[in-house]
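Data block below; observations after.
Just so it is clear, none of the values below were taken in a lab; they were calculated from the coordinates. All values reported here derive from a predicted model rather than from experimental measurement. Counting neighbours? That spans all protein chains shown, and the Cβs are built from the backbone with ideal geometry, glycine included.
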Amino acid sequence: MYVVELNDLQGLFTALSQQGYTIIGPQVRNGALTFDRMTSVDELPRGWTDHQDGGMYSIARSGDDALFSYTVGPHSWKRFLFPARLRLFAARREGKGFAVDPPAATPAPPYAFIGVRACELAALDLQDRIFMSGQYADAHYTAIRSSAFIVAVNCGRGGGTCFCSSMGTGPKARDGFDLALTEIMDGERHAFLIETGSSRGKDARAAMQAREADPSEIARAAAVSRAAESTMGRALDTSGLAGILAENFEHQRWDDIAKRCLACANCTMVCPTCFCSTVEDVTDLTGDHAERWRRWDSCFTSDFTRVAGGNIRMSTRTRYRQWMMHKLSHWVEQFGSTGCVGCGRCITWCPVGIDITAEAAAIRGANVATTNG
Ligand code: SF4
Ligand code: SF4
C-alpha cells in the first residue's frame, strides 16, 4: 500500500487526462452530490457532506476539508454505462423500402470514474452480469465498461439509509477497481492511502508522488472503514430472506405498501442495479426518417407490463411486490446473490419514504429498527 499527500493527488488527474480519459467525479449540482466531468482535484466537493433518511436528502458543510465526506447521491454510474436514452438505429425511406443506418460507434472517450463507493462497485458487477454476458451482450455497455478506469474511494461514514455492510458489499472496496483511496485526516495531515487493483492502477500510482505506507497509516485507514461500518443507518437481515418472500406472496404487507406507494418509479430510476428499458420508434413529419431509441423504463409503469391480451400487473401492490421480490428473491434464484447492494438510494429518493429494509423486516415478522439517520 502507498500514501499520497493531498497536494500530490492532482498527479492522478493529470496522468489520467494525459492518457485520454474523460474524468467523471462527484460535484455539487442543484443541492446534491452528482457526477460530472472534471479535470482537477479542486472541483471535488471539498468540505461537503450529506444527510439522508427515508424520503429526505440534503447537503451541508462538513466543517472540515475532506473531499469525500458524503455517501451516495441520486446519480449512479449506470447513467454513463447504460444511458437513460440511447439511439439504437436510424432508418430512411429508399424507394419502396427503407435503409437502416447502423448504430454509432462508442460515443465517448474512455471514462475515469472518481469516487466509486464499495456498494457501487458491487452494482457495476451486477450490471456486468446483465449487460456483458451471454448471447445478447450489450455492445454499448461493453465498450464503455471495458475501457473505464475505476478509482474507488472507501467511505469514512455511513449514510442514514446505507446498509451495504449487511449486504456484504461494503463499506470497504475489495475488488473491481484500478485504484482504491482511503482519505486520512489527522490534525493538519490530509493524505490518501492507495491500494492498486490492476496493472493500469499501478501505472497511475507511479505517476503520483506516492510513497510506501507505514503501519500507522494502514491502521488509520482501517479505522476509517470501521467508522463507516459503525455509523450505517440501516441494516437488512438477508438470512433466508429469498425463501421468506417467496412463501409470503400474498402477505398483507403488500397491501399496506400499496396504500403508500405512488408507483412513481423513483426507486428504480435511482437504483444502480435496475436495468429495465423499453424501445420507442419515432418518425419525422415527412415519414421519410425514423429512429429507434432505448430508454429506461420501470416495473412500476403500467405500459411496462402490457402484453398481448392485457396487462399482467394491474395494481401497485403487484408492481412493488415484483420490484422487491426481484431484488431480494428472484435474483438469488437466478444469480446466487441479491440484486440489491444496500446503497439506500431507493429509501432516500422515495417521496413517501418507503424503506426496503423495513418492508423486508415486516414480512419476516421482525421488529423494524434503524440505528441512525
Ligand atoms: S434496491 Fe435500493 S438499496 Fe438496493 S441497490 Fe437498489 S437503490 Fe440501492
Ligand atoms: S416505492 Fe416509493 S419511489 Fe418506488 S414507486 Fe413507490 S412511491 Fe415511488
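A few notes on this one:
- In this calculation the C-beta distance from ASP256 to ARG29 is compared with R0 = 35 Å, giving a FRET efficiency of 0.45.
- DSSP bridge pairs, the chain: antiparallel proportion in percent, nearest 5: 80
- Computed as a quarter of the hull surface, the mean projected area of the alpha carbon convex hull for the chain stands at 21.6 nm².
- Rounded FRET efficiency, nearest 0.05, which uses the C-beta distance separating GLU291 from GLN334 and R0 of 41 Å: 0.80
- 12 Å beta-carbon shell around ALA361, net charge (K/R +1, D/E -1): 0
- The charge dipole of the range 109-173, taken about its Cα centre with unit charges on the Cβ atoms of Lys, Arg (+1), Asp and Glu (-1) only, comes to about 220 debye.
- Only lysines eight or more places from LYS202 in sequence, or on another chain, were considered; those with a Cα closer than 26 Å are LYS78, LYS172.
- Taken along its three principal axes, the alpha carbon spread of the range 124-165 comes to 39, 20, 12 Å, from the longest extent down to the shortest.
- Taking label positions 7 Å along the Cα-Cβ direction at both ASP8 and VAL100, the computed distance is 5.4 nm, reported to one decimal.
- For the chain, a simple Cβ point-charge model (Lys and Arg +1, Asp and Glu -1, everything else neutral) yields a dipole of about 860 debye relative to the Cα centre.
- All-pairs alpha carbon distance profile, the range 273-317, 10 Å steps from 0, percent: 24, 37, 28, 10, 1
- Value of Rg to Rh for the range 17-173 (Rh from inverse mean 1/r over Cα pairs, i.e. Kirkwood): 1.06
- Diffusion coefficient, µm² s⁻¹, Stokes-Einstein with Kirkwood Rh over alpha-carbon pairs of the range 48-139 at 25 °C and 0.890 mPa s: 143
- C-alpha center-to-center spacing [the range 156-201, the range 213-244] in angstrom: 11
- Relative packing of 84-94, 230-240, 327-337, 350-360, which averages over residues the other C-beta atoms within 10 Å, highest first: 350-360, 230-240, 327-337, 84-94
- Within-11-Å neighbourhood charge of ALA213 [Cβ basis; K, R +1; D, E -1]: -2
- Remark on the range 179-274: hydrodynamic radius 18.3 angstrom, per the Kirkwood mean of 1/r across alpha carbon pairs.
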